Amino acid sequence: MVKIAPSLLSADFACLKDEIDKIKAAQWIHYDVMDGHFVPNISFGYSILKDVSKVTDMYLDVHLMISEPSKYIDNFINSNASLIVFHYEAVSKDEIDDLINYVKNQNVDVGIAIKPNTDVEVLLPFLGKLDLVLVMSVEPGFGGQKFNPIAVDKIKKLASLKQDNNYNYLIEVDGGINETTAKLCHQAGVDVLVAGSYIFNSDDYTKAIESLK
């Protein structure tokens, strides 16, 4: 069964606990962190994540769209992240192994995200260690963008590599997910679908979540 991770970026923060209660049909919460540097926009940090963790026992999928993630990872781990996902493009290549090992040694799951123009092949040295690979189907930093079909080919490639090498990572896709694009991702072999506006702009969050499974 594909997991659904509603993106809190699209939630109504004036009544955040109610919003979280209304997405309980999903297994995960996707928490987008943006720094205004790696991506143009700014979202929220680790203090709000800690507050979120106090009102839910859902799996907290923390997507760091930030420069120099190693400087801040401890803050997010200490704020009860279940999974830390950093961007391949945000770190030097010789830092990636150490970063993966550090997060795993804190008993937190770890993943790497790639932008639409980044090839899956860059991840080959790391796939055996990862808990998750996040395929961005839009440019990170903005909600409501149109799904880029290049993501489907990447999901297929990752699914093939996973099967051929007995890897254990989950394949996640984020950006422009709705009932139609979700089906394309299902067929390609996705494990986790991130959806923001499709869920939080709907009249019935549970119905929207179920339509993606």
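None of the figures in this text is laboratory data; all of them are computed from the coordinates on show. Keep in mind that this is a model prediction, so the values were computed, not measured. Cβ: placed from backbone, ideal geometry, glycine included. Neighbour counts: every protein chain shown.
Considering only alpha-carbon pairs that sit under 8 angstrom and 6 or more positions apart, the relative contact order computed for the stretch 111-213 is 25 percent.
Put in line by how crowded their Cβ is, counting other Cβ atoms within 10 Å and starting with the fewest, Glu121, Glu68, Glu172 read Glu121, Glu68, Glu172. For the residue pairs Lys3/Lys104; Lys50/Lys129; Lys54/Lys93; Lys24/Lys104; Lys54/Lys157; Lys54/Lys213, the C-alpha atoms sit more than 31 angstrom apart in Lys54/Lys93; Lys54/Lys157.
Normalised by 2.2 N^0.38 Å, where N is the number of residues, the C-alpha radius of gyration of the stretch 3-212 stands at 0.94. In summary, the aspartates and glutamates within cross-link reach of Lys115, defined as a Cα separation below 12 angstrom excluding same-chain residues under 8 places away, comprise Glu89, Glu139, Asp174. Taken one residue at a time, the phi angles of the stretch 19-29 give Karplus couplings (6.51, -1.76, 1.60, θ = phi - 60°) of 4, 5, 4, 7, 10, 5, 5, 8, 8, 10, 10 Hz. Gly and Pro are set to x. Across the alpha-carbon set of the stretch 56-138, the Rg to Rh ratio works out to 0.94, Rh being the Kirkwood radius. Other residues with beta-carbon under 11 Å from the beta-carbon of Val55 carry, at +1 per Lys or Arg and -1 per Asp or Glu, a net charge of -2. When you restrict to C-alpha pairs under 8 Å that are six or more residues apart and normalise by the size of the chain, the relative contact order lands at 22 percent.
Go through the stretch 1-62 and name the chymotrypsin sites (Phe, Trp or Tyr not before Pro) that are in a DSSP coil and have 16 or fewer other Cβ atoms within 10 Å of their Cβ.
Phe44
Eigen-decomposition of the gyration tensor built on the alpha-carbon atoms of the stretch 156-203 gives equivalent ellipsoid semi-axes of 25, 10, 6 angstrom, largest listed first. For the residues Gly128, Gly175, Gly196, a GNM of the chain with alpha-carbon springs under 10 Å puts the largest fluctuation on Gly128.
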